[in-house]
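The values are calculated or read from the model by the stated rules, or taken from the named source; none is laboratory data. What you see is a predicted model; the values in this text were computed from it and never measured. Backbone-built Cβ (ideal geometry, glycine too); neighbour counts: all protein chains shown. Each accessible area value is taken on the protein alone, full model and side chains, heavy atoms only, with ligands, DNA and RNA left out. Shrake-Rupley method; radii C 1.70, N 1.55, O 1.52, S 1.80 Å.
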Amino acid sequence: MSALITPELVALDQNLGAEPSTVIRHLAELVAGAGRATEIEGLYADALAREAKTSTGIPGGLAIPHCRSAAVTEPTLAVARLSHPVDFGSADGPADLIFMIAAPEGADQDHLKILSKLARSLMKADFTSALRAAKTPEEIVTLVTEIVAPVAAAPAAGAHTNAPRVAAAPTGAGTTGAAPTGNRRLVAVTACPTGIAHTYMAADALVAAAKEMGIDLQVETQGSAGATPLAAGVINAADAVIFAVDVDVRDKGRFAGKPVIQAPVKRGIDEPKKMIEEALAAVDNPNARRVSGGGAAASDSVSENEHMGQKVKRALLTGVSYMIPFVAGGGLLIALGFLLGGYDITDVADKVVLDNSLWNLPDGGMLIYLGAVFFKIGQLSMGFLVPALAGYIAYGIADRPGIAPGFVAGAVSGFMGAGFLGGIVGGLLAGIAAAWIGSFDVPRWLRSLMPVVIIPLLASIFASGLMFLVLGGPIAWLTVALNDWLNGMTGASVVILGLILGLMMAFDLGGPVNKVAYSFAVAGLGAATLANQAPWQIMAAVMAAGMVPPLAMALATVLDRKLFSPVERDNGKAAWLLGASFISEGAIPFAAADPLRVIPASMLGAATTGALTMAWGVTSKAPHGGIFVFFAIENVLGFILAIVIGTVISAVAVIVLKRYVRKTPSAESIQQNNTLVTA
């Protein structure tokens, strides 16, 4: 096993800029420079993506940016001790000790155990004090090596590197020993997206706080170093459960009926004592939230402080994210069907597919047959649009028990003609009903039936019954009215719609507003025909506008290189292809570094492009692919010209803003934007 850290991976007392992104960039360069990563950009992008999910700053002036990356060839630690601390999102202020953990995508368990042990050691004040007092990179390497080297030996009492189940009893206490008379028993689960650092640090913070409070607490860490589930007897004896997680808890049904406190994993590091106090209070509160027998009630899957608007937004984004693959694949297949079989394929596809085969080709030969097959597969895929949207909105609220009633409500919406809007309403109703039913405190013998029989049955009756009896008709009327209004739009009103869609596509580059515009466009594709081309026009406007931001940033780095860092110039090279492919996220590195100038400039060009495509009657029968689905675009020259004009406008605008608007965005604004664009 090679060394985790070497002197060349240590930067001491340097000023690496004022933002987390610049520090992470420098550390990625150290890793690549040491030959431990195949490229800087891939590692940098993966680390920034992880940072955007949850800030990695922790109390004590520390930050642990970390990721798994295909660019990393061996597990590595890079360390920076900053002369000018940088705000990584910790509640107690900026960090001066930065530890970047870089793991390969397929890192072996021994390496992952080392990395997790290092992360846990950072919770010890004597270790971090020694790191701050070190004079040379070699001293840093020695200190770190002394921590991680004993991994192969038997773990000391209380050090659970391979058993994510720890007890808050005094050192040496067993994990199944009886708690002192009168003491409360708690169990907890910690988990973060990468399972390297925060998972274990939250576990140790909770254990330390519980020990100080005299509480029996046992933790299951569901991390990358392996997970040893808590014993059933331990769970049964617990009075309450704490979930400090950023991902789904594995096998959550084990904790069914327990009062639960849930929050992001970082809160387990920042406020462990407060979480334990809340769990103790929940034990004596008959109205406290509980883990449902179905695996997760609505309240189980959200932060305690999440208000209703956030819950609804999260559920809607969940539904859209699961719906998009059905639409993207289905839409492209329909476009290929038109390409091979012509526009008349819509009239004959069913007959051709059912009556013919590869050995019995229809009139027109192989092209007509394949065109009919592709069109029919795409049409069937698009038929899942509303049910998938509704099903996964319900899933976002109630976890797996919400999927079946959500799909049913979506199917009812499609049957009644309520479409996309009906799917949203039906999904919300199904999710709320499933979550509410799942919160019932039922006898243990009934819990196993809740997720597979009782919740789907009752929630389907509630949500789909309301759609049939009350809501479906009015929503269907509204959907028809909206479609008629879109079909009747001409002149200036069409241009205004394109402008609005363009603004939305560039506002947050893949965030909630961007997804709303995109979902609005793809929802109408199934209803488009040669006589009703408005949905195809909307799709073209959305796709063209979404291509502008990355293309504009790429062009700007060519027109005025001095305004951009070497990193941004490298990102600009990649942004050409990303923009051409309709991947708006290609502009995220630029927006993350300078949101107050990049985003307004992007919106200006994207709005222009959206307006022009609508004015020129450009249509797209494909929901994705950018310029590479030119065969599905009508008036492709107008499509390209609109994109070029918008790209030039945004590129010139960002150059002007960078030259003459010198205000630098704060770290807080950048962090907020990073969170937005990855929502």
Within the set of pairs 6+ apart or on separate chains, which have a first residue in region 520-548 that is without any contact (Cβ under 8 Å) to a residue 12 or more places away in the chain, a second that is not charged (D, E, K, R), and C-beta atoms under 7 Å apart?
-> none
For region 1-91, which fully contained strands (runs of 3 or more DSSP E) count at least 3 residues that are in contact with a helix residue (DSSP H, G or I) (Cβ under 8 Å, 6 or more places away or on another chain) and buried (at least 23 other Cβ atoms within 10 Å of the Cβ)?
-> 66-69, 76-86
For L509, indicate whether it is assigned to a helix (DSSP H, G or I) and buried (at least 20 other Cβ atoms within 10 Å of the Cβ).
-> no
Checked A394, A434, A481, A459 against criteria (within 30 Å of A349 (Cβ to Cβ) and part of a helix (DSSP H, G or I)); the one match is A481
When you go through G502, G546 one by one, which is the residue that is closer than 30 Å to I24 by Cβ and either out of contact with any Phe, Trp or Tyr (no Cβ under 6 Å at 6 or more places or on another chain) or part of a helix (DSSP H, G or I) (or both)?
-> G546
Go through (1) at pLDDT 90 or above; (2) in contact with a Phe, Trp or Tyr (Cβ under 6 Å, 6 or more places away or on another chain) one by one and return the number of the condition S121 breaks.
-> (1)
Determine which member of the set A263, A210 is out of contact with any Ser or Thr (no Cβ under 9 Å at 6 or more places or on another chain), at pLDDT 80 or above, open to solvent by less than 30 Å² (accessible area, probe 1.4 Å) and under 23 Å from G57 (Cα atoms).
-> A210
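Every residue, every condition in (1) surrounded by 24 or more Cβ atoms within 10 Å (Cβ to Cβ); (2) within 25 Å of Q379 (Cβ to Cβ), yes or no:
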position	(1), (2)
L530	no, yes
A554	yes, no
E568	no, no
K573	no, no
A580	no, no
Could you tell me which of the residues T161, T128 is of a type in the set (S, T, N, Q), surrounded by 14 or more Cβ atoms within 10 Å (Cβ to Cβ), at pLDDT 50 or above and over 26 Å from G35 (Cα atoms)?
-> T128
Of the residues in region 610-629, those that are within 13 Å of L336 (Cβ to Cβ), of a type in the set (A, V, I, L, M, F, W, C) and surrounded by fewer than 24 Cβ atoms within 10 Å (Cβ to Cβ) come to F628, V629
Of the conditions (1) in contact with a helix residue (DSSP H, G or I) (Cβ under 8 Å, 6 or more places away or on another chain); (2) open to solvent by 20 Å² or more (accessible area, probe 1.4 Å), I538 clears all except one; give me its number.
-> (2)
When the residues of region 355-381 are filtered to those that are open to solvent by 50 Å² or more (accessible area, probe 1.4 Å) and more than 41 Å from the chain's Cα centre (by Cα), which remaining residue is nearest to Y518 (Cα to Cα)?
-> M366
Scan F415, F338 and give me the residue that is more than 20 Å from I432 (Cβ to Cβ) and in contact (Cβ under 8 Å) with a residue 24 or more places away in the chain.
-> F338
